[in-house]
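The structure under discussion appears below in the form of structure tokens.
The values are calculated or read from the model by the stated rules, or taken from the named source; none is laboratory data. Values in this document were obtained by computation on a predicted structure and should not be read as measured data. Note that we place each Cβ from the backbone using ideal geometry, even for glycine, and neighbour counts take in every protein chain shown.
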Amino acid sequence: MSLTLTWRGRESAEIVGRTRALCYAPGVREVEAYQQRLAKDGRVTADDLLLAERDGVAVGTATSYSMNMWVRGRAVGCQGVAYVGTIKTHRRSGGIASQIMLETIRKGRERGQVLSALMPFRASFYEHFGYGVVERRATWTIPLSVLPAGSSGGFELIEGADEARRACRQRMVEAGQCDVERTPGMWTHWTTQENEGYVVGDRTADGSMRSWFVWSEQRENEKDVLVIDDLAFESIAALRRGLCFFGTLRDQYRAVRLTLPANVQLNRLLGETQVPHRSVTHDAAGVKTVTRMQVRVLDHLRLIGGLQLPEHVRGSAVVGIAESEGTVRTLRIEIDGGRAVALDATAAPDVECADRDWAAIAMGDLPAARAAEMGLIEVNRPAAVALLDAFAAGPAPFCNEYF
């Protein structure tokens, strides 16, 4: 009854695709579609597919993509974890999913990746492996009648991903926090699906692109709604121009839906700034906030070293991190002149926390002071908390890629 775990490439799309289907698909009829999609998935570039077998029977799988995530002004190697599953006949049978996760984390460390990220079906499961929630997302549904008026000249229908489109997305990634660079395989994966809807880009006179949006249509309450499935914009001004463009489509559609970081107060750009707290008869935007991405820090020293933090922050703190494997990692973090460095330490910690809470603090979603108020960290020296709040200065974590 031992479990065998092997890493494979796309040449194993038949067996891995079948296993994925038996984990997730509503019926066996979907197996072939899962196999075909995996065989064409350009995001898989090496031995990225984990297959778990028990007594010769495939019982589970996971995927480990290699990506770059931008964290406070620089790119770090990130493992993108996806398709973690156990087939329906082997759930809660000997900890198959847990063994898959432990092996997946080991793979990320073997590859020298600094972070491991995933988008969970249930966050509490992955917290057992040190993954903390680091991202809050706001999905806005906006009647086109309240979108801002203004110039939208320059928008055009586009196909594929030319250099201008790719550069626009890259500028957004580098200016943000926790967003992921799109690899050539990722671009191919997404652009081949875009003919199911429309893609528009806001091109300038010199050929560069301020923003672009991918949308599809949905019928809701007898009205047509534009659903933006993918987007990039280089600034809030560029986003506003995009809203102006969608406002020109109000004779055909009722509303537009898009997802942004939770701290972007999009309502302040609208003709009706209210997000109603009760039922109203006038047109107004609605918003739903959710969490999505979780992160595990695999290499603390490389993550902290070189982060771009506020230049006025100076000092040091010793942090004790209780890792999910049962060990405690103690770091001395020094911040000076807008840069941070971390070293292993033996001194008594100023602050102690679990790895999942440390991930949220280090990635900037949870200020250390708020974590202390909530009892999520143990504070032995209060001055250290103010220093660690520097990690939360800047854009809120938000990942526009899906994996």
Exercise for the section: Look through Arg329, Arg314 and report the one residue that is more than 25 Å from the chain's Cα centre (by Cα), within 29 Å of Ser124 (Cα to Cα) and not assigned by TED's automatic domain parsing to the domain that holds Met209. Expected result: Arg329
Exercise for the section: State which residue is farthest from the chain's Cα centre (by Cα) when the search covers only region 352-383 and only residues that are more than 16 Å from Arg296 (Cβ to Cβ) and among the small types (Gly, Ala, Ser). Expected result: Ala383
Practice task
Quickly run through region 1-41 and pick out the residues that are free of Cβ contacts under 8 Å to residues at least 60 places away in the same chain and either of a type in the set (Val, Ile, Thr) or part of a strand (DSSP E or B) (or both).
Solution key: Thr4, Thr6, Arg8, Ile15, Val16, Val28, Val31
Practice task
Return yes when Val44 is surrounded by fewer than 22 Cβ atoms within 10 Å (Cβ to Cβ), among the β-branched types (Val, Ile, Thr) and either out of contact with any helix residue (DSSP H, G or I) (no Cβ under 8 Å at 6 or more places or on another chain) or outside any helix (DSSP H, G or I) (or both) and no when it is not.
Solution key: no
Exercise for the section: Among the numbered conditions (1) farther than 30 Å from Ala117 by Cβ; (2) within 19 Å of the chain's Cα centre (by Cα), tell me where Leu258 comes up short. Expected result: (1)
Practice task
Would you be able to tell me the number of residues in region 19-37 that are closer than 22 Å to Gly185 by Cβ and touching a strand residue (DSSP E or B) at 6+ places or on another chain (Cβ under 8 Å)?
Solution key: 3
Practice task
Would you be able to say whether some residue in region 219-233 is crowded, with 19+ Cβ neighbours inside 10 Å and touching a helix residue (DSSP H, G or I) at 6+ places or on another chain (Cβ under 6 Å)?
Solution key: yes
Exercise for the section: May I ask you to list the residues in region 244-277 that are free of Cβ contacts under 8 Å to residues at least 12 places away in the same chain and either farther than 18 Å from Val227 by Cα or of a type in the set (Val, Ile, Thr) (or both)? Expected result: Gln265, Arg268, Thr273, Gln274, Pro276, His277
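Residues of region 168-181 being in contact (Cβ under 8 Å) with a residue 60 or more places away in the chain and more than 12 Å from the chain's Cα centre (by Cα), which ones? Quick ask: steps written out before the conclusion?
If we filter region 168-181 for residues that are in contact (Cβ under 8 Å) with a residue 60 or more places away in the chain, which is where we start, we get 168-169, 171-181.
Hits for region 168-181 are Cys168, Arg169, Arg171, Met172, Glu174, Ala175.
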Handout entry: Checking Ser151 against (1) in contact with a Leu (Cβ under 7 Å, 6 or more places away or on another chain); (2) of a type in the set (S, T, N, Q); (3) more than 30 Å from Thr45 (Cβ to Cβ), the condition it does not meet
Key = (1)
